[in-house]
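**Q** Have a look at this one before I ask anything.
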Number of protein chains: 2
Amino acid sequence: MRVVVAPDSFKGSLSAAEVCAAVAAGVRRAAPDARVAAVPMADGGEGTLDCFLGARGGDAVEVAATDPVGRPVKARYALSGDGRSAVVELAAASGLPLVEDVPPDPVNAGTAGTGELIADAVRRGARDVLVCIGGSASTDGGAGLLRALGVRFLDAEGEELPPGGGALARLASIDDSGVSEEVRATRFRVACDVTNPLVGPDGAAAVFGPQKGASPAEVAELDAALTVFADAVAARGGPRVHDLPGAGAAGGTCGGLVGLLGAEPSGGAALVAEAVGLPAALEDADLVVTGEGRVDGQSAGGKVVSAVAALARGRGVPCVALAGGVAGPLDELHALGLTAAFSLADGPRTLEELKAGAAPLLEAVAEQAVRLFRR
Amino acid sequence: MRVVVAPDSFKGSLSAAEVCAAVAAGVRRAAPDARVAAVPMADGGEGTLDCFLGARGGDAVEVAATDPVGRPVKARYALSGDGRSAVVELAAASGLPLVEDVPPDPVNAGTAGTGELIADAVRRGARDVLVCIGGSASTDGGAGLLRALGVRFLDAEGEELPPGGGALARLASIDDSGVSEEVRATRFRVACDVTNPLVGPDGAAAVFGPQKGASPAEVAELDAALTVFADAVAARGGPRVHDLPGAGAAGGTCGGLVGLLGAEPSGGAALVAEAVGLPAALEDADLVVTGEGRVDGQSAGGKVVSAVAALARGRGVPCVALAGGVAGPLDELHALGLTAAFSLADGPRTLEELKAGAAPLLEAVAEQAVRLFRR
């Protein structure tokens, strides 16, 4: 019997690798002859770099970059052992927490730092870049990121615009002649778990602007600027990203990556699964065990359990989820491919007890689930 | 698919029938085409009468009987719909709680009331009597019970002894010529979940006497009296019950029933399973779901989960236990035949939450377990 263990971390309790170890121990108690493959997973957020590096070898690369308000910042991304693939988290150089020490500046904040990390990865040979977005301080449509890769954003006088989303209101043309052949040859994928469009009442400025400190007037200003940006992308023959689901993620960074670099947006967990080789690992599996801190109806979104279940179903592999908490009904997850889900709780327990005892509890419930699977 | 649901009650939360209903609902969610047979179980203690009557039809019969200290008491036993089988709980007429209003009298307390219930059942036609023992106020070796069925306990002068274990010290002979043909034709089985012998340091007087109010001197007196009793049983060609495992149950009542009525002692849950027809129900089952409030290493004793698991294994049927709490390691239960056990806890919960929400939680975990079983 071959069992693949592909869980997310249990936030505040166990890393994905620790979850794998506990589950594997339980699988082996139930089936000492089982071959167990551990494929720690993540959803494009916390833990993604570690999980990518664990699967693909390589190291985290630290780069001197620019933070959302133009200050220097050291930031890390992951480069695979073969140097061909990279994972860049937008939060590393362009995240909101980096600017908590200064007054909010949503109109002028930018994403240059993330572009600098990507440029470094491409310079080192990466031609497959997974950009994990979310948690940005900016609403610049990814203009700062793109500028770091050679795109120029010009006003009516042909002058380059300053950083920040607000300046895009004066955008007259986009010049990408400075984008290198290497960048053009690179496949960009965007891990994006929201479905907000770039502009409008559900867009980047309206929905996420306020949490970045934007006043109602600034939200309106940024929404108008992003509309100018999207119009300019469309005017040069690019896709119409105004209403594209997900384009509004990370202050419109997803829209900019799709519009000007042909990036492919997808769910974070699905992209991570591909990056860590889960589809191949499932090819000859008899069972996959996934998990996350909490499994519920929401897990049918872009989370690890749903991504793993969908991959498993595509290959006819039963999929069991183990979680700290399981909140039904799970009909959507079952429809996606999840065979069954069990909580690691063994009776009345506090949250603290479940967190502290998560490893042995996971081992125990994994043993029981595999016993029932094998019967 | 045919699923048999055979759980104990969840003490303080759900009756066995309620557990069956919740589990059956979960089974049907997972497998709408399943045929589900509900066989509420008990372990010979609380709930046994209801579970027997539910399975076999019939009514509880109320009888005017004698309590442990000779006072009148109304007590009930269960007579099957066909009138051929009865379940008599010793606690009904001879239980310790009945005499909590008077000073303890462990030397003179007796089991006459239980014998009166049995006599009534036999008079009504029962020829298969399950006696559920435990919780007695007496240490009389079942002498009171046997006397109610026609056995005479005589001293050296041929005078009948008074009630109570202490009087057995003067036992010179046993006369069973007054036992009716009907009683002789009756099969007695004793549901007994302790392994204490009748006499000695682990015997009825030494171990259970103190909790019935016996002083050290009374314990010694009762132990000596039970030894005289066991000697007398052996002297007339009966079995040697002195050291028989379980003979010490209920103040030696088990020993007396075995020694003078040829009763067969066995685990309570196993006997109840037979009485409610579980073995037959399992014949064409694909899966049996059992359960109890708590499953742990102790469940490998005479409890419902272990009895059901053993029956299931004998028929090659996978057996899943659902419980409020599951405390591993479960190796002994697995060896007995338990495929897997899961807690109904769905995450951090207090005991009160688990009890209050037991029905929907059971339904949910049953659905998941059957999904995994079917995969």
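The values are calculated or read from the model by the stated rules, or taken from the named source; none is laboratory data. A quick note: this is a predicted structure, and the numbers were derived from the prediction, not measured. Neighbour counts run over all protein chains shown; Cβ positions are idealised from the backbone, glycine included. Just the protein is used for accessible areas: all its heavy atoms, side chains included, with ligands, DNA and RNA removed. Shrake-Rupley method; radii C 1.70, N 1.55, O 1.52, S 1.80 Å.
**Q** Roughly how many Å² is the accessible area per residue of the protein assembly as shown, as a whole number, for a 1.4 Å probe? Write out the running numbers ahead of the final one.
**A** Numbers: 27570 Å² over 750 residues.
It amounts to 37 Å² per residue over the protein assembly as shown.
**Q** Then there's this: What nm value, rounded to one decimal, do you get for the distance between residue A:352 and residue B:59 when each label is placed 7 Å out toward the C-beta?
**A** 5.7
**Q** Also: Would you please classify the overall shape of region A:115-184 from the alpha carbon gyration tensor, given that a ≥ b ≥ c denote the square roots of the eigenvalues, rounded means a/c under 1.5, and beyond that prolate means a/b larger than b/c while oblate covers the rest?
**A** oblate
**Q** Sticking with this one: Taking 35 Å as R0, compute the FRET efficiency from the Cβ-Cβ separation of residue A:157 and residue A:102 and round it to 0.05.
**A** 0.70
**Q** If each label sits 7 angstrom from Cα along the C-beta direction, how far apart, in nm, is residue A:59 from its counterparts in the other copies?
**A** Spelled out, the distances from residue A:59's label point are 8.8 nm.
**Q** Now for a different question. Considering Cα pairs under 8 angstrom that are at least six residues apart, work out the relative contact order of region B:48-269 and quote it in whole percent. Mind dumping the intermediate values first?
**A** On the way: 589 pairs, mean separation 42.8, N = 222.
Relative contact order for region B:48-269 comes out at 19 percent.
**Q** Give the separation of the Cα centroids, region A:1-37 to region B:155-188, in Å.
**A** So the two Cα centres are separated by 65 Å.
**Q** In terms of solvent-accessible area of protein heavy atoms at a 1.4 angstrom probe, what is the ranking of A:306, B:177, highest value first?
**A** Heavy-atom accessible area, descending, gives B:177, A:306.
**Q** Which is farthest toward the positive dipole end of chain A among A:77, A:255, A:237, measuring Cα position about the Cα centre, with Cβ charges +1 (Lys, Arg) and -1 (Asp, Glu)?
**A** So the residue furthest toward the plus end is A:77.
**Q** Still on this structure: Quick check: pseudo-label points 7 Å beyond the Cα along Cα→Cβ at residue A:313 and residue A:217, how many nm apart are they?
**A** A separation of 5.0 nm, rounded to one decimal place.
**Q** I've got another one for you. Which of B:74/B:303; A:74/A:355; B:74/B:355; B:74/B:212; A:74/A:212; A:303/A:355 have a Cα-Cα distance over 26 Å?
**A** Flagged as over cut-off: B:74/B:303; A:74/A:355; B:74/B:355.
**Q** How far, in whole Å, is the nearest Cβ of chain B from the axis relating it by rotation to chain A, and which residue carries it?
**A** B:345, 2
**Q** Here's something else I'd like to know. Calculate, in nm to one decimal, what residue B:224 and residue B:46 gain on full extension: separation in residues at 0.36 nm each, minus their alpha carbon distance.
**A** Numbers: separation 178, 0.36 × 178 = 64.08 nm, distance 3.23 nm.
60.8 nm is the gain from fully extending residue B:224 to residue B:46.
**Q** Excluding ligands, DNA and RNA, what is the accessible area buried between chains A and B, summed over both sides, using a 1.4 Å probe, to the nearest 100 Å²?
**A** Summed over both sides, the interface buries about 2400 Å².
**Q** If the cut-off is a Cα-Cα distance under 20 Å, which aspartates and glutamates reach residue A:11, setting aside same-chain residues fewer than 8 apart in sequence?
**A** List returned: A:43, A:46, A:50, A:89, A:193, A:292, A:296, A:346, A:352, A:353, A:363, B:346.
**Q** Within 10 Å of each Cβ in peptide B:355-365, how many partner chain Cβ atoms are there on average? Round it to a whole number, please.
**A** Average per residue, whole number: 2.
**Q** As an exercise, use a Förster radius of 41 Å and the Cβ-Cβ distance of residue A:195 and residue B:17 to find the FRET efficiency, rounded to the nearest 0.05.
**A** In this case the efficiency is close to 0.30.
**Q** Relative contact order for region A:1-146 using alpha-carbon pairs under 8 Å, separation at least 6, rounded to a whole percent?
**A** On the way: 304 pairs, mean separation 29.0, N = 146.
The value is 20 percent.
**Q** Between residue B:332 and residue A:71, take the C-beta separation as r, use R0 = 56 Å, and let me know the FRET efficiency to the nearest 0.05.
**A** Calculated value: 0.30.
**Q** Okay, moving on. Helix-only mean residue ellipticity at 222 nm, chain B, DSSP H runs n ≥ 4 weighted -39,500 (n - 2.57), per residue, nearest 500. What is it?
**A** Values: 14 runs with 136 residues, N = 375.
Calculated mean residue ellipticity at 222 nm is -10500 deg cm²/dmol.
**Q** Residues of region B:157-175 with backbone nitrogen within less than 16 Å of a virtual label 7 Å along the Cα-to-Cβ line of residue B:235, please, listed as ranges.
**A** Inside the label zone: B:157-161, B:167-175.
**Q** Nm distances between the label at residue A:177 and the same-position labels in the remaining copies, 7 Å along Cα→Cβ, shortest first?
**A** Nearest to farthest, the other copies are at 13.0 nm.
**Q** State the dimensionless ratio Rg/Rh of region A:1-138 (Rg: radius of gyration of Cα atoms; Rh: Kirkwood radius).
**A** Details: Rg = 17.9 Å, Rh = 16.4 Å.
Taking Rg over the Kirkwood Rh, I get 1.09.
**Q** With a 1.4 Å probe and all protein chains kept in place, how do B:227, B:290, B:350 rank by accessible area, largest first?
**A** In descending accessible area the options line up as B:350, B:227, B:290.
**Q** Take every Cα pair under 8 Å in chain B that's 6+ residues apart, average their separations, divide by the length, and report that relative contact order as a whole percent.
**A** 19
**Q** Would you mind telling me the share, in percent, of accessible area of region A:48-269 contributed by carbon and sulfur at probe 1.4 angstrom?
**A** Roughly 51 percent of what the probe reaches on region A:48-269 is carbon or sulfur.
**Q** Quick check on chain A: take the gyration tensor over C-alpha atoms, sort the square-rooted eigenvalues as a ≥ b ≥ c, and tell me if it's rounded (a/c under 1.5), prolate or oblate.
**A** prolate
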